[in-house]
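No lab work stands behind these numbers, since they all come straight from the coordinates. This structure is a prediction, so every number in the text was calculated from the model and none was measured. Please note: Cβ atoms are built from the backbone with ideal geometry, for glycine as well, and neighbour counts cover all protein chains shown.
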Amino acid sequence: MSKATLVSSVVKPTFISVVMDEGGKLVPHRLNSTHPTFSKLAFALRRKNYGRVPLLLDMASEIANQSHGHILVKKEGIYYKNRLIESALSRKVVELMAHKQPVAIYLKFMENLYMNPSVDAQNELFEWLLNFNGGKFVPTDDGCFMAYKVVNSDYTDCHTGKVLNKPGCRPLMARTEVDPDRHNECSRGYHFCSLSYVGVFSGWTRSVERPVMAVKINPADVVAIPEGYGYSKGRTWTYEVIRELEDFPKEGDHEYMQQVFVPVAGGMTEKGDILKALYALPNVKKLLKRRKLTKTSLRKASTDRLRRWYGQFNAMVNPPDISLLFQNPLKPAREAAKLSVGEVAAECDVPYKVIYNAEHADTPNPELQDAIIRAIATLKGTRTHAGCSHVSYPEPAKPVGYQSEVVEADTDVRDQGGYDGLYVDPFGYEVEDAEDED
């Protein structure tokens, strides 16, 4: 539409209608007020900045047919299951489009968010994340967000000592056992919170005796955002433990929190080993062959820079596994507890087949899932005096089951293609596991 010119326009509070001359053909366009580009187009027309109109209409057309699952972006706005929505998330999408940035991860985040059965959580969570850390929130590539968790030296939770939080684990409890009342600041559930709240956590100190874990949370699993502590924490029923932080950031280290999180295979430390691994990657081989990259330049690079390059190039070739957060947790949780289907069925007082079918369902019935989680916790002895059921799976044999490196995203690497599949996990939150907290 670069050669298009404006013929006529009508700007109303609820819609904009324009007619463009596109190569001698008159083409009408109409945008409702819910469309992400509505306000910018209205501003350009009122200021008679007609040169921007074709560009803004191009942007509207560009996002018109993008979709992800139940999310569809049209000229009129963004829809979830045919329901028009207006939110900070839709504004974020158009902002990214304006800067030619990918929006797939935000559409996936939106899809996960609107699968949350709590309307309050839907309305509050994304606004909370946007307000946190100066509005620099970026979802993971599978539509989740990162957080922190302080644990005991044996990787159990600090409150009950019953929940295993080693890297690679997924703790969970019955969702109905999490307090949904946002007016209750300290209550039942797995808590996540901002970096500023870490110092408020009772007993936490910057020492190796209290490891700090990076964890991932699905917005569909958030139950409540308490009003206290400046909206700095929330409650969820499950999360995935990603890694242990070796160097915990200080307050205000926003750049650190927004770095890209990618795996470094084998926990390589020697420069020679990293170089060998780099040379073995197919995309690096192609760059070397085309002399876009030389072995001399690689050998002269610092070890830290080589580690960053390896992490980014490796992520282009070897995408990460599907997160545990999207897995039916019932069978692996039962097996981690070393229980049979019959034992769980007896505890739930249901036929064997009911448990079997629930374990093999794509999306188990929520009430039955909670009942099975309670049964596993009861049989394993991990139900607390407050009646909360704590389960964690799997149980890794080694203290660290997932070694990773936090690296900066180099622009030159991002521009080489294939980067959109990179596992993006910027994090700036801390998760605290408690039923009743200070």
Net charge of neighbours whose Cβ lies under 13 Å from the Cβ of T378, counting Lys and Arg as +1 and Asp and Glu as -1: 0
Environment charge at N365 (Cβ cut-off 13 Å; Lys +1, Arg +1, Asp -1, Glu -1): -3
Using θ = phi - 60° and Karplus 6.51 cos²θ - 1.76 cosθ + 1.60, couplings along the range 169-180 (whole Hz; Gly, Pro as x): 8, 10, x, 7, 9, 5, 4, 5, 8, 7, 5, x
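Going by C-beta contacts inside 10 Å, put V27, V223, V138, V344 in order with the fewest on the left.
V27, V138, V223, V344
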Burial ordering of T176, T140, T14, fewest other beta-carbon atoms within 10 Å first: T14, T176, T140
Placed amide H near T156: partners under 5 Å, 5+ positions off or other chain: N165
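With a sphere of radius 10 Å drawn around the Cβ of K3, what net charge do the other residues whose Cβ falls strictly inside it have (Lys, Arg +1; Asp, Glu -1)?
-2
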Greater than 30 Å apart at Cα, pairs in K166/K380; K92/K289; K166/K331: K92/K289
Y190 long-range amide H proximity, modeled H, under 5 Å: T236
Proxy reagent accessibility, fewest Cβ within 10 Å first, across H99, H191, H159, H70: H99, H70, H159, H191
Sequence ranges 371-377, 165-171, ranked by mean other-Cβ count within 10 angstrom, highest first: 371-377, 165-171
Distant-in-sequence amide H partners of M20 (H built 1.01 Å from N, under 5 Å): V7, V27, H29
